[in-house]
Amino acid sequence: MAAMPNVEARGQATFDCASEAAMAAETKASRATSTVRLIGLTKTFSPNIVALKGVDLDIPGGEFFTLLGPSGCGKTTLLRMIAGLEHATGGEIEIGGRAVTHIPAHKRNVNTVFQSYALFPHLSVRDNIGFGLRMCGVKKPDIQKRVIETAKFIKISELLDRKIDQLSGGQKQRIALARALINEPDVLLLDEPLSALDAGLRGELQIELLRIQRRLGMTFIFVTHDQQEAMVMSDRIAVLSDGHIQQVGGPKQLYERPDNLFVAHFMGHSNLFPIQKHDANGVYTELGRIVGRFESGTHMLIRPETVTLTPGQSEGDNHLSASVVERIYRGSVAEYRLNCGATELVAKCNNCGQDMFEVGDTVTVVVETDGLVTLNE
Amino acid sequence: MKNTGFYLSLRIFWYLVVIFLYLPLFVVVLFSFNEANTAARFTHFSLKWYGQLFSDDTVLGAFKNSLILAITSSAISTVMGTMLGYGMYTHRRRRLGWLVWLIYLPIVMPDIVYGISEMSFFTSIYNMLGILRPGLGTMIIAHVSFQIPFVALLVYSRLVGLDAKLFDACHDLYANGIQRARFFILPILQPAIIAGFFLAFTLSIDDFVISFFTSGPESTTLPIYIWSAIKKGITPEVNAIATVLIGAVLAVAMITMAFQYVRSASTTSRA
């Protein structure tokens, strides 16, 4: 255990903390430096399969950071490399300023919540949660006390004496979280931990995970393919595709100011139109002429909720005449597919009392230039 | 209603299976308690054949040899088979088809072929080097080699059925190699290892063919003794030996089941 004196020492230090608040405050203070830096990280599985092609990332301590991308983009591989479960082919990994690239998983103070939960079937819930401390040589009474504290914190006290096969998916998820958090890792890694749960429970656990992260002030690195989930939870998101980072930024930045087509598509429904001509007063697209000052780019992005629909035809800059092709009612919003100029446009309108348009209606699409972004392929 | 005949014939078939399976066992047990020296009719209840059995040094010697052989070979093959099963699991991604074939071949190989080849192998080694004289030692080697694949198969299938992420979780939760073996792999394999031991034990205790070809003059086991005894006709003494064997096998099965039951009950209560 000589390789991890910090775990032992911190274990003794926090062990006496009676209240959760004190525990949270203490961990927050000790976690100021647990940043994660990835420098030119590459991973090659065989000569032909390159999972990561040089990833650079700086994740400040205490951030809820999400790796977002479609399946096969390398996000899980990246997470496993931070955990030490996968060796880096090239590049460096630093955690809390310490180079850990060649340190095996069991000597890194980093814990993972797995997608399949990976709870030990031969152990009770109590022994599952205490497993990490036991491996570190923490004394039994101390383990017991901390298991009880952690269970209280995660609200699973009543499950401690159950067997693993007597638990529901949501309960298993909480136990997997408790099993990782009890070790007070520098960084908590979460590999699509909510993807096996039903929608309602999933939303609940998203908020709860976020609260836990805020209270502990711990660095969380979360992997998901669900852009909604990523936007709800993250301080910052890295969008990955094909072993590359496409863009890093806050949810708002990624949604409203995507750097490229991939990010624009992945972050939500996008109306994207190739720019045919660009001059000082505006751009020409299939929609027609749009007046305004835009940065140069190959495509124009119009998010469906940034346009306004008015009945009938009206004249003016950026007023486009269109007809309704399809209407999808979604409760809080109505989504319209419109025929506009030579192409199609999707618009989303808030439903707050006003009448909806019918299929075949002629409408005017008012495009606000604030909501427009030009981007490159 | 047209299926009645079909179901009736199934039922009759089932009764026939039960009769041919268990009636002979019942007859053997019954006549081991027969006073008369004949299987023609049951005269009086008597334990005299058992008395004769347990005072016969040849029988006792054979019984002792059988136990030594079964316990030693099962213990060795359980350890080696477990290691083999684990190795097959950890290297399952590599192309090891031919190796797996080598391991499984003894399971399908006819015992007689295996027994004869082991015999000539041991004899030539003994003639050349003066070691491996046919006896308990060679029998243990032969038994271990045919038991290993069964144990390895049990261990391997247990491991394949596990979530591979459990190994990652162990590593992630600070367990080094020794701790992983002690706190994860061995406890999780325990049912497979125990089942493997008892399977190896029963394979060994009733093996005749391989034992016969690899044994020496002083290493007669119970099956070999029975075989030589019935050449003089089936005596009540042979029935008594068979009854003892039936009792022993039932006892082993019951111990295994009791052990599993206690284990599954203790996981819930252990805090």
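Every number in this text was worked out from the coordinates using simple rules, so none of it is lab data. Worth saying up front: this structure is predicted, and the values here are computed from it rather than measured. Positions of Cβ are backbone-derived with ideal geometry, glycine not excepted, and every protein chain shown enters the neighbour counts.
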Worksheet item: For chain B: lysine pairs with Cα atoms under 26 Å, gap of 8 or more or different chains, count?
Response: 5
Worksheet entry | For the range A:5-261: span of alpha carbons on each principal axis (Å, largest first) | 53, 40, 34
Worksheet entry | Average other protein chain Cβ within 10 Å of Cβ, residues B:178-190 | 2
Fill in: Order of A:LEU216, B:LEU25 under a 10 Å beta carbon neighbour criterion, fewest first
B:LEU25, A:LEU216
Worksheet item: What percent antiparallel are the DSSP beta bridges of the protein assembly as shown, to the nearest 5?
Response: 75
Worksheet item: How high is the relative contact order of chain B, in percent, with contacts defined as C-alpha pairs under 8 Å that are six or more residues apart?
Response: 31
Worksheet item: What ranking of B:MET257, B:MET83, B:MET119, A:MET135 emerges when the number of other C-beta atoms within 10 Å of each C-beta is taken as an exposure proxy, fewest first?
Response: B:MET257, B:MET83, B:MET119, A:MET135
Worksheet item: Per residue of A:104-117, how many C-beta atoms from partner chains lie within 10 Å of its own C-beta, taken as a mean?
Response: 4
Fill in: Fraction of beta bridges assigned by DSSP in chain A that are antiparallel (%, nearest 5)
75
Worksheet entry | For chain A, with +1 on Lys and Arg beta carbons and -1 on Asp and Glu, the positive-most of A:SER234, A:ASN183, A:SER46 along the dipole | A:ASN183
Discussion item. Can you tell me the orientation of helix B:236-269 relative to chain B, as the angle in degrees between its alpha-carbon axis and the longest Cα principal axis, to the nearest 10?
Written reply: 30
Fill in: Ordering of A:110-117, A:199-206 by burial proxy (mean other Cβ atoms within 10 Å per residue, highest first)
A:110-117, A:199-206
Worksheet item: When only Cα pairs under 8 Å and 6 or more residues apart are kept, what is the percent relative contact order across the range B:113-220?
Response: 52
Worksheet item: Which of the lysines could a cross-linker bridge to A:LYS252, judged by Cα under 27 Å and excluding same-chain residues fewer than eight apart?
Response: A:LYS28, A:LYS53, A:LYS75, A:LYS348
Item to complete: From other protein chains only, count the Cβ atoms within 10 Å of every residue's Cβ in A:118-126, then give the mean.
Response: 6
Practice prompt. Find the centroid of the Cα atoms in the range B:124-179 and in the range A:285-304, then give the distance between the two in whole Å.
Written response: 69
Response to the item:
Per the charge dipole of the protein assembly as shown (beta-carbon charges, Lys/Arg positive, Asp/Glu negative, Cα centre), the residue among B:PRO24, B:ALA164, A:LEU167 reaching farthest to the positive end is B:PRO24
Worksheet item: Dividing the alpha-carbon Rg of the protein assembly as shown by 2.2 N^0.38 Å yields what?
Response: 1.41
Item to complete: Give me the distance in nm between label points sitting 7 Å out from Cα along the Cα-to-Cβ direction at A:THR44 and B:LEU60, one decimal.
Response: 7.3
Fill in: Summed residue charge, Cβ within 13 Å of B:ILE210's Cβ, Lys/Arg positive, Asp/Glu negative
-4
Worksheet item: Given charges of +1 on the Cβ of Lys and Arg and -1 on the Cβ of Asp and Glu, with all other atoms neutral, how large is the dipole of the range B:1-153 about its Cα centre, in debye to the nearest 20?
Response: 720
Worksheet entry | Rounded if a/c under 1.5, otherwise prolate or oblate - the range A:158-221, Cα gyration tensor axes | oblate
Discussion item. So if I average 1/r over every pair of distinct C-alpha atoms in the range A:123-251 and take the inverse, what Kirkwood radius in Å does that give?
Written reply: 15.9
Worksheet item: Among B:LEU173, B:LEU245, B:LEU186, which one shows the biggest mean-square fluctuation in a GNM of chain B, springs joining Cα atoms closer than 10 Å?
Response: B:LEU173
Worksheet item: Just how large is the dipole of the protein assembly as shown about the Cα centre, in debye to the nearest 20, putting +1 at every Lys and Arg Cβ and -1 at every Asp and Glu Cβ?
Response: 2200
Fill in: Centroid-to-centroid separation of the range B:1-52 and the range B:185-239 [C-alpha atoms, Å]
24
Response to the item:
The aspartates and glutamates whose Cα lies under 15 Å from the Cα of A:LYS163, excluding any fewer than 8 residues away in the same chain, are A:ASP127
Worksheet item: Where does chain B land on the Kirkwood hydrodynamic radius, alpha-carbon pairs, in angstrom?
Response: 22.0
Worksheet, complete the sentence: Ordered by fewest other Cβ atoms within 10 Å, a rough proxy for footprinting exposure, A:THR76, B:THR4 read B:THR4, A:THR76
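Would you mind calculating the relative contact order of chain A from Cα pairs under 8 angstrom and at least 6 residues apart, reporting the percent as a whole number?
Contact order relative to length: 16 percent.
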Worksheet item: Just the C-alpha atoms of the range A:240-336: what Rg/Rh do they give, with Rh taken as the Kirkwood radius?
Response: 1.00
